[in-house]
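The values are calculated or read from the model by the stated rules, or taken from the named source; none is laboratory data. None of the values given here were measured: they were computed from a predicted structure. For neighbour counting, all protein chains shown are included, and Cβ atoms are generated from backbone atoms with ideal geometry for every residue, glycine included.
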Amino acid sequence: MKLLKKCTSLILSLAICLTLTVHITAPVSAATLSIVRAGQAVSYTGKQITKVSYNGSSYSLQDTPALLLDGYVMVPYYQTYVTNGPKLSKSYNSDSGVLTLKDSNTTVKYYVNETYAYVNGTKKSIGVAPCFVTYKNTDTSVLMIPAKTTSNYFNISYTYDSSVPNITLKKTTNSSSATDNTDSTAYTRYTTANSLAIRKSASSSSDVVGHYSRNTKVSCYGTSGNFTKVKYNGNYRYCGTSYLNTEQVYYRYVNINSLKIRKSASSDSEGVGYYKLGTKVLCYGKSGDYTKIKYDGSYRYLKTSCLTSKAPLQASAFSDMSTSEFIKTIGPIAQKNYKTSGVLASVTIAQAILESGWGKSELAKNANNMFGMKKSLSGNTWSGSVWTGSVYKKKTAEYRSDGSKYYITAEFRKYNGVNSSIADHSAYLLGAKNGSKKRYAGLADTTSYKKQLTIIKNGGYATDPDYVSSLCNIIEKYDLTDYDVK
């Protein structure tokens, strides 16, 4: 009996040991890591790579682990390549967002949030943009760069073992820079061009074997020069990297008179240009409160709240509308304009009715021009115009001193929508000058539609002696003052 108890005890002990061994060696799934990437909070659940080996010596990235972002291994550049490993020299310009890494043979310039780099002065496309990542558990912010691409540029052998996971780097003796950064691990991109050429090899002179339409979901396998490797009809082919995006692209329209284009996704960032009301913009995703766009070939940012998915109203919509439908459609636009300009909505609506024949005139239908605004007005010296410069030409009648009629081809302003026509008309009334004085001085200082119309008439807007009374009759007949509410 004692022997049986001892055997039983021994078996239980062995079972416990085996159980403990299984628990110790079983793989543990990566915990969720709270990070902020390029201004956006993200719950990261992918691999966290904390060990790097360079020429046989290991170092830790425990506090700021390398991460798999968009299919690429991204590493904190300073800990991976500067203080450890190859110990490259570096400089970073926080104003321009340019990181420069150097060794004795190679200089690489990375641009934050841009999918290109300069290697010894030559521009190269890269598959993923360098970006800042903040690790919320340690409140540490680091600039992340693509490990394989960087290693290739500096002739460093790169191996990523996903089972551990760890990164092994080894300096090579080959002095030529690697150009093909392809990888067997597929990642997803979306096409941004209407018709993107698929080429047989990674060259702009290579044969075109097909095309992708915009927002086609594509499996990618790395980059080679300015091209990304894809699979098409079972074969590896190539597309221009600059026409691929991490998410589907979409159009938005500017819904304020003048929208600043910023260099980065921050209200403190410098402006590089402006978009005017109604401008159609192709968008590449969001970063915090900003939307990513392309402007002059580079990624830039617009305030998301100043964009709308609703296309500007086209005057062609008025063709089949009744008078009441016309007023209900244009009324809210004129009312919104009144709140910012001070030009009464009733005055705007009445002038649009009279000048465009209820939106059915040639200028309205073909140029969204509701007020007969010519290309040149008061020398175009007034500020606040939302006109983009487009022109519509039409024949107009002119009269000689003897009363005989003749025709000329005149140039009129063409707008991207009715909203822009109204905004530009108000900007003209408020800013146009006659010499050094405002042509319609005092217009926004009164809330009487009769006084506003008189100022407009006396400023030279119209020569018809009945112009004011005609507009007053329209306002009163259709109760347009109902829209004169801020």
Requested in this report: Tell me, please, whether a residue that is closer than 20 Å to GLY97 by Cα, modelled with pLDDT of 95 or more and hydrophobic (A, V, I, L, M, F, W, C) can be found in segment 273-289.
Outcome: no
Query - Residue identified as within 16 Å of SER421 (Cα to Cα), outside any loop (DSSP other than H, G, I, E, B), without any contact (Cβ under 8 Å) to a residue 12 or more places away in the chain and of a type outside the set (Val, Ile, Thr) among LYS336, LYS328 - result: LYS336
Report summary line: Of (1) closer than 22 Å to CYS220 by Cβ; (2) small (Gly, Ala, Ser); (3) touching a residue at least 12 places away in the same chain (Cβ under 8 Å), GLY297 fails just (3)
Query raised in the report: For segment 220-242, does any single residue satisfy the condition of being surrounded by 19 or more Cβ atoms within 10 Å (Cβ to Cβ) and closer than 24 Å to GLY39 by Cα?
Result: yes
Query raised in the report: Within segment 410-420, is even one residue over 40 Å from the mean Cα position of the chain (by Cα), outside any loop (DSSP other than H, G, I, E, B) and either over 24 Å from GLY389 (Cα atoms) or aliphatic (A, V, I, L, M) (or both)?
Result: no
Query raised in the report: Does any residue of segment 304-311 turn out to be in a loop (DSSP other than H, G, I, E, B), out of contact with any Leu (no Cβ under 8 Å at 6 or more places or on another chain) and among the small types (Gly, Ala, Ser)?
Result: yes
Requested in this report: For residues that are in a strand (DSSP E or B) and among the polar types (S, T, N, Q), scanning just segment 274-298, find the one that is nearest to the chain's Cα centre (by Cα).
Outcome: THR291
Query raised in the report: Do we find a residue being of a type in the set (S, T, N, Q), within 30 Å of LEU282 (Cβ to Cβ) and at pLDDT 90 or above anywhere in segment 177-191?
Result: yes
Report task. Kindly indicate the residue of segment 268-278 that is surrounded by fewer than 20 Cβ atoms within 10 Å (Cβ to Cβ) and touching a strand residue (DSSP E or B) at 6+ places or on another chain (Cβ under 8 Å) and also nearest to ILE422 (Cα to Cα) among those meeting that condition. Result -> TYR274
**Report entry** Count - residues of segment 357-398 that are aliphatic (A, V, I, L, M) and in a helix (DSSP H, G or I)
**Finding:** 3
Query raised in the report: If a residue has to be surrounded by fewer than 24 Cβ atoms within 10 Å (Cβ to Cβ) and either in contact with a Pro (Cβ under 7 Å, 6 or more places away or on another chain) or closer than 22 Å to SER316 by Cβ (or both) to count, how many in segment 342-358 make the cut?
Result: 5
